[in-house]
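Have a look at the structure below, then the notes.
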Amino acid sequence: MTTKTFQTIPRNVWVLGFVSLLTDISSEIIHSVLPLFLVSVLGADLLTVGWIEGIAESTASVLKVFSGALSDYLGQRKRLAVVGYGLSTLVKPLFALATSPAWVLMARFGDRVGKGIRVAPRDAIVADVTDSANRGAAYGLRQSLDTIGAFTGPLVAFMLMSFSGQNFRLVFWLAVLPGILAVVLLAIGVREPSNINSQRQNNPLQWSALQSLGKSYWVLVAVALIFNLSNSSDAFLLLQAQQAGVSASLVPLTLVVMNVAYSLSAYPVGLLSDRIGRLGLLAGGFCVYALAYLGFAFVDAPWQVWGLFGLYGLHQGMSQGILLALVADRVPSHLRGTAFGLINLATGVALLPASLLGGILWQTISPKATFIAGSVFAVSAIVLLLVFEGGRRKSVGRE
């Protein structure tokens, strides 16, 4: 990672990366202690916790389509991103003020609406200001900075909870500060890409526009959908870690290991994809996932758990940014927001049946069945990717 390489990444990408970092610190401070707050302070049961999370995440998935299409229609991505980040920050005080689970539901709903609004326009901005020579590195850098926030947030929450004497509401108030900084940084630091208004799309969701996205894009959507049917809730990973002998107090740190591996790998892998192509790296990332899930099926010692969580983080570093870069490479520039919104919808929709299937297999057969099934879905996605995209890679030569 040379200085010259960093200099090829546009300013917008750097700013968006630090905006994501600050926002994730803010969000993860809250999310890491929110279930405990709901149960121990507000008296909610686990079913209520599950409903709150399910409603919130489903909302975000659906809204990504419309916000992406709207950014193509208006030719204004930055404003939608500011609205999305701003809304998520605006509702965070509701966590501190909550006197019942209904308040938390409103806060989580507002937070996820904000995420649903901002994600597709933000990803499209990265595509708009890069080209195929530096796009992988750009997405990798933004993912790395985002993930630094994801593992920093819980660590900050742990320190704040310790120093405040378990004062949940004070922690929630303090979590608002990095969110405000993120919105200010976005508003003053990101410039609207200059080429957007000249290529505005009248109706990005009409059939002719969707057809113009191209077969190679829809193959990526199908691959992402099938792959995410394997991606059940991380709760199963945490339960398996505990069953393998990791103490309850250390179980949350497994996610820190995962996110550290993710943050350390995303940028180098993205940079590598600019040089050798993306398709093989994406397939490799899916293979790492399949191996990690197979490992979780048969894990029987704590040291194995830590290694598997590191492997799981490596998979994320090898696949998340690469998939976005592939989408950006293959769709018309005036439909990028729509394309990112649709693929985010596909992956989001798959998460609920994936978790339901994982739970059914866990209870009716065994924990091993949950992870073996996940590995099988991942392998199926790899086969689909290679069968439909292998020929294209040979003809194009370089993604």
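Test ALA350 against the criterion of being buried (at least 24 other Cβ atoms within 10 Å of the Cβ) and under 14 Å from ALA224 (Cα atoms), and give yes or no. For ALA350, the condition - buried (at least 24 other Cβ atoms within 10 Å of the Cβ) and under 14 Å from ALA224 (Cα atoms) - is not met. Checked against the criterion of being closer than 30 Å to SER319 by Cα, open to solvent by 10 Å² or more (accessible area, probe 1.4 Å) and either modelled with pLDDT under 90 or touching a strand residue (DSSP E or B) at 6+ places or on another chain (Cβ under 8 Å) (or both), the candidates VAL183, VAL156 yield just one match: VAL156. The condition (being assigned to a loop (DSSP other than H, G, I, E, B) and either of a type in the set (Gly, Ala, Ser) or at pLDDT below 75 (or both)) is satisfied by just one residue among ARG398, ARG392: ARG398.
Condition check ((1) open to solvent by less than 10 Å² (accessible area, probe 1.4 Å); (2) modelled with pLDDT under 90; (3) among the polar types (S, T, N, Q)) across all residues:
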position	(1), (2), (3)
TYR262	no, no, no
VAL269	no, no, no
SER273	yes, yes, yes
GLY277	yes, yes, no
GLY280	no, yes, no
TYR289	yes, no, no
ALA292	yes, no, no
GLY295	no, no, no
ASP300	no, yes, no
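In the range 244-260, the qualifying residues are those that are over 16 Å from LEU311 (Cα atoms) and touching a Ser or Thr at 6+ places or on another chain (Cβ under 9 Å), and the one that is least open to solvent (accessible area, probe 1.4 Å) is VAL246. ARG118 - would you say it is within 18 Å of GLU28 (Cα to Cα), open to solvent by 10 Å² or more (accessible area, probe 1.4 Å), under 20 Å from the mean Cα position of the chain (by Cα) and at pLDDT 85 or above? Yes: the conditions hold for ARG118. Annotation note: of PHE371, PHE377, PHE340, the sole residue that is of a type outside the set (Val, Ile, Thr) and open to solvent by 30 Å² or more (accessible area, probe 1.4 Å) is PHE377.
The values are calculated or read from the model by the stated rules, or taken from the named source; none is laboratory data. What you are looking at is a predicted structure, and each value in this text was computed from that prediction instead of being measured. Backbone-built Cβ (ideal geometry, glycine too); neighbour counts: all protein chains shown. Heavy atoms of the whole protein, side chains included, go into the accessibility calculation; ligands, DNA and RNA do not. Shrake-Rupley method; radii C 1.70, N 1.55, O 1.52, S 1.80 Å.
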